[in-house]
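The values are calculated or read from the model by the stated rules, or taken from the named source; none is laboratory data. Note that this is a predicted model, so its numbers are computed, not measured. Neighbour counts run over all protein chains shown; Cβ positions are idealised from the backbone, glycine included. SASA here: full protein model, heavy atoms, side chains in, ligands and nucleic acids out. Shrake-Rupley method; radii C 1.70, N 1.55, O 1.52, S 1.80 Å.
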Amino acid sequence: MRKIERGGSSLRQRGVVGYKPLDCELLFWLTLKSISSTSSLTSSCNRGSTGRMLTLLALTSVVILGIVPQTQAIVVYTGWERHALVGSDIRLSCSFFSWRWTSPDVSFSWSYRPDGARDSIAIFHYANGEAYVAKKSPFWDRLEFVGNPSRRDGSIVIKNLDFSDNGTFTCDAKNPPDIGGSASSVRLLVFENVPIQAGVITGAIIGAVLGLLVLIVVIYYLMRFLVARRVFSLSVSKHGKKGKGKEGSQQRQAPALSAEQAKLKAAASEKKKQESRKDKK
């Protein structure tokens, strides 16, 4: 395998030296011994408060040692599916979750299974601060390690992609003493033109439907506004015609009344003249 270096310096991590867990039988024996010493201390102290406290601590340690496991499963994460163009580069991400602190002995392994093949081939391995690329892999001179093991990142970059690179890439990580768990895989599809993903099509359809609904609502309220305006204008015009009709009738009645009044005045004046003539005679 080819050893990968960054700037001529090794990738070895320096940190706290790993510890070796104690054997369960030894821990149990020590716990029993502490219980026996505690019981003797309790009898000498005539079951005082100190003796009871030490007994409680010893029993608690037994319970904790019986419940807490020495190793736990590790969970590895990668993408589900990646699309890329011919001749481009792509980053394949790999990370993991572990209940323990990141160990200086953390390791990452990548394997590759081409489309149509049954077996996978190892293409990359990182351990003890060193990164290696398998010489017999098709990515011998096109693979670069870009991860950060101290941050639980084991990502790699595949350069100058070709149609023959289509396949499934599997990442496995170990964080001693957590070495259990299953690996995670991501499928790589290389195209001449990257196809439109289903999510984009679904988003476009949803956007079009929402836009159509908004347009229908706008048209509905616009029609209601125009109808209300038309009804209001018709009502105003009807009231205006009625008002004008009343004014015209009043204007027609006014001359007739004035003529009658003139006749009455003329008749009254004529009557007065006749009476004045009678008085003179």
Select from region 86-114 the residues that are open to solvent by 70 Å² or more (accessible area, probe 1.4 Å) and modelled with pLDDT of 95 or more and list them in ascending order. D89, R91, R113
I'd like to know if region 162-169 contains one or more residues that are open to solvent by 20 Å² or more (accessible area, probe 1.4 Å) and part of a loop (DSSP other than H, G, I, E, B). yes
What number of residues within region 94-153 are among the basic types (K, R) and assigned to a strand (DSSP E or B)? 1
Could you check, for region 130-152, whether at least one of its residues is in contact with a strand residue (DSSP E or B) (Cβ under 6 Å, 6 or more places away or on another chain), basic (K, R), surrounded by 19 or more Cβ atoms within 10 Å (Cβ to Cβ) and more than 30 Å from V200 (Cα to Cα)? yes
Of (1) farther than 17 Å from T78 by Cα; (2) in contact (Cβ under 8 Å) with a residue 40 or more places away in the chain, F139 satisfies all except one. Which? (2)
From A228, A268, A204, which residue is closer than 30 Å to H83 by Cβ and at pLDDT 75 or above? A204
If we keep just the residues of region 181-201 that are at pLDDT below 90 and not in a loop (DSSP other than H, G, I, E, B), which is least open to solvent (accessible area, probe 1.4 Å)? G199
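Residues checked against (1) at positive phi; (2) touching a residue at least 60 places away in the same chain (Cβ under 8 Å):
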residue	(1), (2)
V146	no, no
R152	yes, no
K159	no, yes
D165	no, no
C171	no, yes
P177	no, yes
S182	no, yes
Checked region 147-161 for anything among the small types (G, A, S) and within 12 Å of R91 (Cα to Cα); matches are G147, G154, S155
